[in-house]
Amino acid sequence: MEVHEAQKMVFVIGNAAGGLIEAMGMHAENQERLRKGEVVAYDSAAFNEMMIHRGLHHNALVTQIYP
């Protein structure tokens, strides 16, 4: 694997890890609100928007890895 390819993969993996951490926080907030009998803060659209913002959807990943 060339250095440039490795850098792309490190970026994608790091971004995915950040997205997972962000999604876990969103999920935890939703669970806390449900425990309190409140409405959730993040719906499925919010999770999808986070993935789009971070470039974690299929087309963005393919474009980042194979420009």
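The values are calculated or read from the model by the stated rules, or taken from the named source; none is laboratory data. Predicted model only: the values in this text are computed from it and were never measured. We place every Cβ from the backbone using ideal geometry, glycine too, and count neighbours over all the protein chains shown.
Given the conditions (1) without any contact (Cβ under 8 Å) to a residue 24 or more places away in the chain; (2) surrounded by 11 or more Cβ atoms within 10 Å (Cβ to Cβ), report the number of the one that Val12 does not fulfil.
It is condition (1) that Val12 fails.
Read through the list (1) in contact (Cβ under 8 Å) with a residue 40 or more places away in the chain; (2) part of a helix (DSSP H, G or I), then give the number of the only condition that Arg33 fails.
(1)
I'd like to know if the stretch 10-28 contains one or more residues that are outside any loop (DSSP other than H, G, I, E, B), out of contact with any Leu (no Cβ under 7 Å at 6 or more places or on another chain) and among the polar types (S, T, N, Q).
no
All but one of (1) touching a Lys or Arg at 6+ places or on another chain (Cβ under 6 Å); (2) in a helix (DSSP H, G or I) hold for Val40; which doesn't?
Just one mismatch for Val40, condition (2).
For Arg33, are the conditions met, namely being surrounded by 13 or more Cβ atoms within 10 Å (Cβ to Cβ), at pLDDT 90 or above and in contact with a helix residue (DSSP H, G or I) (Cβ under 6 Å, 6 or more places away or on another chain)?
So Arg33 does not fit the description; no.
Return the pairs, sorted by first residue and then second, in which the second residue is hydroxyl-bearing (Ser, Thr, Tyr), the first residue lies in the stretch 41-56 and is under 12 Å from Ala16 (Cα atoms), the beta carbons are less than 9 Å apart, and the residues are 6+ apart or on different chains.
Listed by first residue and then by second, the contacts come to Met50/Tyr42; Gly55/Thr63.
Check off (1) in contact (Cβ under 8 Å) with a residue 24 or more places away in the chain; (2) within 8 Å of the chain's Cα centre (by Cα) for Gln64 and give me the number that stays unchecked.
Result: Gln64 passes all but (2).
Yes or no: the stretch 43-57 includes at least one residue that is of a type in the set (Phe, Trp, Tyr), modelled with pLDDT under 95 and either surrounded by 10 or more Cβ atoms within 10 Å (Cβ to Cβ) or not in a loop (DSSP other than H, G, I, E, B) (or both).
The answer is no; no qualifying residue exists.
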